[in-house]
Structure formats: structure tokens, C-alpha cells
Amino acid sequence: MDFLQTVIFAIIQGITELFPVSSVAHGVLTPYVFHWNLDPQFLKEHFLPYVVMLHLGTAIALLLFFSRDWVNMLRSLFSGGRSKSRKILLLVIAGTVPAALIGVLLEKTLRHLFSSVTSAAIFLIINGILLYVGEKASGKGTKEVEDLKIGQAFVIGLFQSLALVPGFSRSGSSMIAGFWMGLRHEAAARFSMLLATPIIVGASILEVPKLKNGMDGLLSMSLIGGVLSGIFALLAVWALMKWFKKHEFQAMRPFAYYCWIVGAIILLSLYAF
């Protein structure tokens, strides 16, 4: 990927990774929409590590935005007795386990889906249905993150693992599950963002080293993309948290509409013209 492609791709990835509209689907659809004739070897062998590097920039943005939470959670490891921060840390661990295990077991199978524009568009539409129906079926939650039980955090983590399929949003799936567990909208968004960090960092540890043996210039382009992605992810998480703070109901509707529209346009472009 050249510099301009990297800039466009990084901006899209930085925003869509945190918005509930599936960054992985956008990673598949972006080259198609802009008619990028990418090297088949890149798509097959290096696309996933490249995207993970961009997501690493997102993880850094999340660490910065939620730095107080992470510092408090780390401090709780060295303090005696129970605390709210230690409880949240246990909840994050419980929510991380399902996606981590499923990701390790199904990585090779799911990797083949990353280059399918059709499947990404279809699952993006299904993601919109999940956002719309899922929020509508939930009550108006009153819980904070620390009010969750360990089993509930595990269930939210299971929903998060849907994002291994291009088209399903990690943040969207985990937030919808959070609504069902009784979390307030802002609390569900916060827990979703906290869950994102260890998953992205873990994926980076596995995938980013593969870039060293990649194509010429791939590592430098991915580093540039990671920085840009992190900057736009920081803006995205700020906007998203403000949005969910102001909207305790029907906050997911605009994102659902977006998923339906984009998915439908892509499918029409593939099969109707």
C-alpha cells in the first residue's frame, strides 16, 4: 500500500474500530470502494498483520483515554482488600478470555473471510440488525461496570468474539450484550473500550512480527498508519463517549442505519450493475 492509501485506510480504521460499525468489514470494503488493485500476496499473507498494526494505534489511544482506569486497576493488584478497581480488572479479564480463546482456535479459518467483499457486506447488514433490535429489546439499564458479575462479563466477552467475523462490530456486539446485562449506555461503552485494549494488544503480539518478513516498505507504511489510526481513534472514543452519555436510549440507531445503507450499496454494486 502506498502513502495515500495508508492515510485513507488508517483514518477509516481509527474511526470504525471504536464506532459500532465493524472496522474489519471496512478493512475489506475500503480497497473495493476505492478500486485499489492490491497485491494478492499482500491480501493473503500480510493484510491481517497490517490491519493489526493500525489497531495497535487504537489500543494506545484507548490506554491514553482510559489511563486513569488502567492505573487504578494496576494499583489494585498491590493493595490489600477488595476495591472497585480490582473488581473491574477481574471483569475485564473474564470478558477477554472468550474472544482470546476463540481467536486462537479459529484464526486460520476466519482469515480466509477477510478478502470477501460479499460476506463483509452481508454481515455488516446483520450487524445493523443486531444493533437496532438488540438495543430495542433491552431495558433502560442502571448498572455501572463494577456492578456486573463475573459470569455477565464472560457473556459480554462471548459477544465480543463475534467481531472475528468481518461485518460484526466488536464494540457494537459487546455494548449490546452490556445493555442486556443491565448496564447504562455510557457504562456499556466504557466496558467495551476497556475490553478492546487487551484483545488488540494480544493480537498485535501475534501478528505484528510477521510484518518484518513482509513486502518492501510494508513495515514503515504500517507504522505511519498506526500513528494516524491512533490519532483518529482518540477523537472517535471522545465523540462516542459523549454520544452515549447524552443518549441513554436509541443511541445505536444511527449506526444501524449506516450499516444497512453501506451493506446494501455494496451488494447492489456487486450484483445489480
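We did not get these values from a lab; they are worked out from the coordinates using the rules stated. For clarity, every value in this text was computed on a predicted model and none was experimentally measured. Counting neighbours? That spans all protein chains shown, and the Cβs are built from the backbone with ideal geometry, glycine included.
Things worth noting here:
- Degrees between helix 67-76 axis and first principal axis of the chain (Cα, 0 to 90, nearest 10): 50 degrees
- Helix 117-137 vs. the chain, principal-axis angle (Cα, 0 to 90°, nearest 10): 20 degrees
- Restricting region 226-262 to chymotrypsin sites (Phe, Trp or Tyr not before Pro) that sit in a DSSP loop and have at most 15 other Cβ atoms within 10 Å of their own Cβ leaves Phe249.
- Cα-based helix-to-principal-axis angle, 3-16 vs the chain, degrees rounded to 10: 30 degrees
- Three-way shape call for region 119-273 based on the alpha-carbon gyration tensor, with the a/c threshold at 1.5: oblate
- In order along region 173-187, the Karplus-derived 3J(HN,Hα) couplings, from 6.51 cos²θ - 1.76 cosθ + 1.60 at θ = phi - 60°, round to 5, 6, 5, 4, 4, x, 4, 5, 7, x, 6, 5, 4, 5, 5 Hz, and Gly and Pro are given as x.
- Helix-derived mean residue ellipticity, 222 nm - over the chain, DSSP H n ≥ 4, -39500 (n - 2.57), to 500: -24500 deg cm²/dmol
- Of the Cα atoms belonging to the chain, the radius of gyration and Dmax stand at 18.1, 65 Å.
- Working value for region 106-191: equivalent-ellipsoid semi-axes of 26, 15, 8 Å, each the square root of 5 times a Cα gyration tensor eigenvalue, largest first.
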